[in-house]
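One structure is given here, and the rest of the page talks about it.
Nothing in this text is a laboratory measurement; each read-out follows from the coordinates by a stated rule. All values reported here derive from a predicted model rather than from experimental measurement. All Cβ positions, glycine included, derive from the backbone under ideal geometry; neighbour counts span all protein chains shown.
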Amino acid sequence: MKYDGFLARVRERGEYNNQEEAADVSNSVLQVLAQRISPGEVKDLASQLPDPLGQVLHDAIPQQARSFGIEEFYRRVAVRTGARPRTAQWDASAVLTTVADAVTGGELNQIISQLPSGYALLFGKADLAD
């Protein structure tokens, strides 16, 4: 998937005003996701996303993954976007369902396997949320 196509899907799903807003939200959500999954998985994900999203992930690679739940994920996205946690949930879903469309099934499974079950819904994978 090309960068403009990725942003167009995020913009549509998140009902954002323009591509710039979709890009800002995408960067914020991906930066938080990078903190939650292993550094190796961040690199794998970055290799499947178009630049500059891949570069955003590379720049956000932590020394090691941090462990935090879904509510903390929303809080961290909210801090980065200046939104409320409820809005951050909407933002995360718009971006991560687009990530799910953009990467291979194997890569998506590897990401979701590193996260508690509640995260699967954000990727549009309710069947994995149990």
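Summary of values
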| item | result |
| --- | --- |
| The stretch 3-128, dipole about Cα centre (Lys/Arg Cβ +1, Asp/Glu Cβ -1), debye to the nearest 20 | 420 |
| Asp59-Asn17 FRET efficiency (beta carbon distance; Förster radius 30 Å; 0.05 resolution) | 0.75 |
| Estimated 222 nm signal from helices in the chain, with DSSP H stretches of n ≥ 4 weighted -39500 (n - 2.57), rounded to 500 | -21000 deg cm²/dmol |
| In the stretch 1-96, GluC sites (Glu not before Pro) in a DSSP loop with at most 15 other beta-carbon atoms within 10 Å | Glu15 |
| Proximal charge balance of Ala22 [Cβ under 11 Å; K/R count +1, D/E count -1] | -4 |
| Pair Gln114, Ser38: separation of 7 Å Cα→Cβ label points (nm) | 0.8 |
| DSSP-loop trypsin sites (Lys or Arg not before Pro) across the stretch 35-81, with at most 14 other Cβ within 10 angstrom | Arg66 |
| Residue among Pro85, Ala120, Gly40 farthest towards the positive dipole end of the stretch 3-128, charges placed on Cβ | Pro85 |
